[in-house]
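The block underneath contains the structure these notes are about, expressed in structure tokens.
The values are calculated or read from the model by the stated rules, or taken from the named source; none is laboratory data. Because the structure is a prediction, the values reported are computed rather than measured. Cβ atoms come from the backbone with ideal geometry, glycine included; neighbour counts cover every protein chain shown. Just so you know, the surface numbers come from the protein's heavy atoms only, side chains and all, with ligands and any DNA or RNA stripped out. Shrake-Rupley method; radii C 1.70, N 1.55, O 1.52, S 1.80 Å.
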Amino acid sequence: MMTPKQIVDALDRYIIGQEEAKRAVAIALRNRYRRSCLSEDLREEITPKNIIMLGPTGVGKTEIARRLAKLVDAPFIKVEATKFTEVGYVGKDVESMIRDLVEESIRLTKTLRMNEVKFAAEAATEARIVELLLPQAKKQRPPVNPLQYLLGAGASQPASEEPKLSEEEQEKHRSLREQTLARLRAGQMENEIIEIEVEESSSGPILAMGVDMDLGSVLGDMLPKRHKLKKMPVCQARPILLQQESEKRIDMDDVNRVALMNAEQNGIIFLDEIDKIAGAANRGGADVSREGVQRDILPIVEGTTISTKYGAIKTDFILFIGAGAFHVSKVSDLIPELQGRFPIRVTLKDLTEEDFYKILTQPDNAVTKQYAALLRPDNVNLSFTEDALREIAKFAFRANEQNENIGARRLHTVMENLLNDISFNANGQHPLIDVVIDGDYVDSHLASEWTEDNIHKYIL
């Protein structure tokens with residue numbers, strides 16, 4: 001329910017510039033809310049207006065789409081369009097992108113439901129660990145019937161009934177349990193070994209007709225799940241037990257239903273490198289393959305029904321965002337039918353020196369903040385002066401000008417070279433020290449290498 005302006009403001013926290021692209025995706029996202037307010041008959045007639053982003057690598061195309069999906073917890077996947085070439089040899093079936101989107105939606109919905117039962121699951125996990133730590137839990141278990149184990153019931157054999165305890169023994173048990181619980185909460189039992197049931201992995205991939213397939217994914221839930229007993233420390237067993245207790249408290253049928261609907265109505269697919277499958281008309285060779293990929297993708301974007309193991313999903317209302325540099329080809333080189341399904345086109349601009357400076361200082365996840373946080377555990381308090389940030393921006397901008405333009409990714413290369421000595425020598429065995437990077441430090445570590453012979457250090 002965010003307004004387009006609020007969406008742009010949220011994107012501004014992580015992405016510098018590219019206002020036109022931000023406005024386009026903000027309107028597309030808001031239109032989903034507007035559509036949800038309409039009558040059902042009219043809602044079925046309104047489909048998303050897909051977007052094509054044109055611009056060089058590293059200027060924020062993928063980040064805009066990813067951050068947009070995070071704003072509303074929408075299912076989001078990034079797909080390289082080129083991986084659909086030569087299907088059956090090195091490529092993939094185009095329908096796999098929809099199945100991947102559904103899997104991501106299942107993961108999001110399941111995580112949401114598990115968070116809702118988190119406190120109850122944590123309490124149950126704690127109780128199970130305490131019972132497993134008590135002496136009577138470590139008694140020898142009855143033997144397992146091999147046939148029942150083969151059918152998946154091996155680990156769920158009912159334990160033999162314990163003899164009734166006297167009141168004195170019950171009180172002793174309660175006291176021991178409380179002591180164990182107190183020690184567990186104090187973190188004193190993390191390395192104690194307990195035995196828990198874990199699900200056995202599937203049979204693994206098999207080779208059929210030259211294609212790798214996972215037997216578990218083919219058979220789905222048709223076969224009963226097999227379990228085995230495994231010993232491990234409490235610290236390793238806790239997340240497994242928490243997962244088990246959480247799954248007991250959620251309805252997976254309902255999760256699948258909601259997730260399928262969420263993927264269908266709110267899913268976002270980012271088709272990267274779409275320019276690589278564009279080919280000018282009247283050419284042969286590889287362009288024939290590229291056009292074939294376009295024609296395979298076309299029905300998915302137009303709207304069709306895809307079968308998944310969770311049920312059928314319509315692709316009519318999924319938002320597709322295409323992206324590419326389009327240095328060699330043009331959008332007009334795409335087949336006309338596919339062009340018509342991407343009515344909104346926005347061009348992202350090359351980053352200027354001022355943009356690099358803003359990227360270093362303004363975003364919540366600025367690269368300078370990341371390096372400062374990484375070095376803090378080693379007792380290094382890293383900071384940058386204003387002139388240092390200006391120099392870093394200058395070197396990054398010039399490196400992109402003189403070599404391949406890789407956009408904001410150039411900053412990571414420059415920063416790694418700049419902080420190489422500090423990162424290598426920091427070891428945490430010294431008191432907290434303040435390290436201030438100024439303009440002179442930047443010049444002394446980067447300017448001397450700024451020659452045509454040494455420029456390869458900045459090429460990723």
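Could you check Gln179 against (1) polar (S, T, N, Q); (2) within 38 Å of the chain's Cα centre (by Cα); (3) exposed (fewer than 13 other Cβ atoms within 10 Å of the Cβ); (4) modelled with pLDDT of 85 or more and say which number it fails? Tallying (1) polar (S, T, N, Q); (2) within 38 Å of the chain's Cα centre (by Cα); (3) exposed (fewer than 13 other Cβ atoms within 10 Å of the Cβ); (4) modelled with pLDDT of 85 or more, Gln179 fails exactly one: (2).
Taking residues in region 106-122 that are under 13 Å from Ala74 (Cα atoms), and partners anywhere that are among the small types (Gly, Ala, Ser), the pairs with Cβ atoms closer than 6 Å and at least 6 places apart or on different chains are Ile106/Ala259; Thr109/Ala259. Just one residue in the set Arg113, Arg107, Arg128, Arg99 is closer than 14 Å to Lys309 by Cβ, open to solvent by 50 Å² or more (accessible area, probe 1.4 Å) and either of a type in the set (Val, Ile, Thr) or at pLDDT 90 or above (or both); that residue is Arg99. For region 295-327, a tally of residues being within 23 Å of the chain's Cα centre (by Cα) and open to solvent by 60 Å² or more (accessible area, probe 1.4 Å) returns 2. Of the residues Glu20, Glu44, Glu40, Glu63, the single one that is touching a residue at least 12 places away in the same chain (Cβ under 8 Å) and open to solvent by 60 Å² or more (accessible area, probe 1.4 Å) is Glu20.
If Phe84 satisfies every condition in (1) more than 28 Å from Ala325 (Cβ to Cβ); (2) open to solvent by less than 60 Å² (accessible area, probe 1.4 Å); (3) modelled with pLDDT under 85 but one, which is the exception? All conditions are met except number (1).
Of all residue pairs spaced 6 or more apart or on separate chains, those with beta-carbon atoms under 9 Å, a first member in region 242-260 that is closer than 25 Å to Ile129 by Cα and a second member that is part of a loop (DSSP other than H, G, I, E, B) and at pLDDT below 95 are Glu245/Val117; Ser246/Val117; Lys248/Val117; Arg249/Val117; Ile250/Val117. Residues of region 394-445 that are open to solvent by less than 30 Å² (accessible area, probe 1.4 Å), of a type outside the set (Gly, Ala, Ser) and in a helix (DSSP H, G or I): Phe395, Asn400, Arg410, Leu411, Thr413, Val414, Met415, Leu418, Ile422, Val442. Filter region 336-362 down to the residues that are surrounded by fewer than 18 Cβ atoms within 10 Å (Cβ to Cβ) and either free of Cβ contacts under 8 Å to residues at least 24 places away in the same chain or not acidic (Asp, Glu) (or both) and list them by number. Correct list: Pro336, Gln339, Gly340, Pro343, Ile344, Arg345, Thr347, Lys349, Thr352, Lys358, Thr361, Gln362. With respect to (1) among the aliphatic types (A, V, I, L, M); (2) at pLDDT below 90; (3) closer than 27 Å to Gly55 by Cα, the lone exception for Leu411 is condition (2).
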